[in-house]
Amino acid sequence: METEWMGRYRSLIASLVRHVNVASTGNFERADFGNGILLRPISWQALEYSIEHIDHTDSMSDVARTLGITQSTFSKLAKELVSYGFVEKYVATNNRKNVILRPTDKGIRFYHQYNDNRNRGLFTDFMAELETFSDEEIERFTHAIDTLTNSLPPASKQNPVTLVKKE
């Protein structure tokens with residue numbers, strides 16, 4: 001059989017592939033939070049990142065790379081979060097080129113208002129499955145997933161374009 005290379009990891013690899021495909025498809029669906037607020041999961045993740053790293057000065061490019069999305073996609077969702085008043089854009093006085101997002105009080109309140117229903121409900125069963133893992137096993141499993149992720153081409157990598165003069 002041609003898939004024997006997976007060995008005993010076949011079911012784990014299949015689950016990871018299915019998860020990535022389902023999650024990727026779902027990242028384009030906007031959740032309706034009411035009051036005209038429609039957010040995609042990746043927008044929620046960007047808001048969450050800005051709250052979790054409120055004291056950091058990671059540029060938008062750094063955050064995009066950390067989240068595994070292109071800079072252009074991150075710029076679009078940052079614009080969306082700014083339009084809702086959930087984040088604000090800043091620049092450092094010594095580097096006006098790198099834009100840094102900071103959550104607003106409104107963004108933090110919004111996040112906390114919806115976090116219990118969204119994230120805890122989403123991850124409850126997953127975390128229950130991991131309950132018997134030791135902290136070391138979780139760390140090793142996380143490292144294995146990161147190793148797999150880092151072996152993939154970056155989201156921003158594009159094939160070189162060759163131009164041909166149009167006749």
- Long-range alpha-carbon pairs in segment 12-66, meaning those over 15 Å apart, account in percent for 62 percent
- For segment 130-147, what does the Karplus curve 6.51 cos²θ - 1.76 cosθ + 1.60, with θ = phi - 60°, yield as ³J(HN,Hα) per residue in whole Hz, taken in order and with x for Gly and Pro? 8, 3, 7, 6, 6, 4, 5, 5, 5, 4, 5, 5, 4, 4, 4, 5, 4, 4
- Task: Within segment 1-103, report the GluC sites (Glu not before Pro) that DSSP leaves as loop and that have at most 11 other Cβ atoms within 10 Å.
- Result: 2, 29
- Message: Report the rotationally averaged projected area of segment 1-119 based on its alpha-carbon convex hull, in square nanometres.
- Response: 10.0 nm²
- Message: Lysine pairs in the chain with Cα distance under 27 Å, only those 8 or more apart or on different chains: how many are there?
- Response: 15
- With unit charges on the beta carbon (Lys/Arg positive, Asp/Glu negative), name the residue among 44, 143, 126 whose Cα is farthest towards the positive pole of the charge dipole of the chain. 44
- Loop sites in segment 1-110: trypsin sites (Lys or Arg not before Pro), DSSP, at most 13 other Cβ within 10 Å: 30
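Every read-out reported here was derived from the displayed coordinates using simple, explicitly stated rules and does not represent laboratory data. Here the structure is a predicted model, which means the values were calculated and not measured. Backbone-built Cβ (ideal geometry, glycine too); neighbour counts: all protein chains shown.
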